[in-house]
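Participant: This structure is in structure tokens; I'll ask about it shortly.
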Amino acid sequence: MLAAFEGWNDAGSAATEALTHLHQAWDAEQIDELDPEEYHDFQVNRPVIALDEDGVRRISWPSTSVAVARGPRTGRQVVLVHGIEPSMRWRRYCNELLDIAAGLGVRTVVTVGALLADVPHTRPIPVNATSEDAVVRAALGLEASTYEGPTGIVGVLQHEAAARGMQSLSLWAAVPHYVAHPPSPKASLAILHRIEQLLGESIPLGELPDDAAAWQAGVDELAGEDSEIGDYVRQLEQAKDTAELPEASGEAIAQEFERYLRRRDTGNGG
């Protein structure tokens, strides 16, 4: 199960946009929805009224949807959860989601989030993967999270999943804080690449790479017009480059080659 939530856990809407893209790319089918009356303060997350395609005014309520897709390469069932961080009853909310997951045979829960960070938009967006499960860490070469402090619904859901004996891990993309306004297609693209790596699947990316390139070009233009932002970006670039090896690691090259092979096989109907 992959789960992402709008709100505090979703800088630049990067995580929820990544799962929305995956939902569309894999033609997922919605199978369930949580009753928003139980979990949302509608003065915080207000319902929206709009005309539908037939010209009828309808109200859309804050919701959490559960959909099912099949990985095109492995045929593995993937459950997609897209919601808004609830205002209340977080434990009941997580238990309801995990009950649905258990009924669908889910064994692994992956929470997906995005945070604002001091990273340059000109470099690859970091996506950090952590797990509190020693077996998962050993199998995937992950580390335990060292974060201590306030947590969001993704942290609670991961904790509750582990308490049930499910395998759990968390993905976090780092979004440049000076361009925090959504969308953040470069961060969404980085999340999807990490999901591809975890699942051993190929995800059709459509126009997302072009959107990411256009986003970066737009921020480049902003930095070029504002000398203060430009100087700050160069400082971030220098710090980032100093902290990393000057050449690509063998592991990074191998991962990129594996991704290329999956895309080629999928394109050939393999």
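Rule-based calculations on the coordinates, nothing more; no lab input. On a predicted model such as this, the values are computed, not experimentally measured, just so you know. Here the Cβ is made from the backbone with ideal geometry for all residues, glycine too, and neighbour counts use every protein chain on show.
Participant: Which residue, LEU142, GLN77, ALA243, has the largest displacement toward the positive end of the dipole of the chain when charges sit on each Cβ (Lys, Arg +1; Asp, Glu -1)?
Facilitator: The listed residue farthest towards the positive side: GLN77.
Participant: To continue, here is another question. Let's test this: bin the Cα-Cα distances of the chain at 10 Å from zero up to the farthest pair and state each bin's percent.
Facilitator: Percent of Cα pairs in each bin: 6, 26, 35, 23, 9, 1.
Participant: Fully extended, how many nm does the chain gain between ALA180 and VAL56 (0.36 nm per residue separation, minus their Cα-Cα distance)?
Facilitator: 41.2 nm
Participant: For the stretch 30-150, take every pair of Cα atoms, bin their distances at 10 Å starting from 0, and report each bin as a whole percent.
Facilitator: So the P(r) values, bin by bin, are 10, 27, 35, 23, 5, 1.
Participant: What is the Cα centroid distance between the stretch 51-84 and the stretch 136-181, reported in whole angstrom?
Facilitator: 23
Participant: Okay, moving on. Please report Rg over Rh for the stretch 138-178, where both radii come from the alpha carbon positions and Rh follows the Kirkwood definition.
Facilitator: Rg/Rh for the stretch 138-178 comes to 1.01.
Participant: Here's another thing I want to ask about it. In what order do SER170, SER60 fall by count of nearby beta-carbon atoms within 10 Å, going from fewest to most?
Facilitator: In order of increasing Cβ crowding within 10 Å: SER60, SER170.
Participant: Sticking with this structure for a sec: If packing is taken as the average count of other Cβ atoms within 10 Å, what order do 27-39, 150-162, 72-84 fall into, highest mean first?
Facilitator: Ranked from most to least packed, the peptides come out as 150-162, 72-84, 27-39.
Participant: Ok, one more. Among ARG57, ARG91, ARG234, whose mean-square fluctuation peaks in a Gaussian network model of the chain (Cα, cutoff 10 Å)?
Facilitator: Between ARG57, ARG91, ARG234, it is ARG57 that shows the largest mean-square fluctuation.
Participant: How high is the relative contact order of the chain, in percent, counting Cα pairs under 8 Å that sit 6 or more residues apart?
Facilitator: That works out to 23 percent.
Participant: Magnitude of the Cβ-charge dipole of the chain, K/R +1 and D/E -1, about the Cα centre, nearest 20 debye?
Facilitator: I would put it at about 860 debye.
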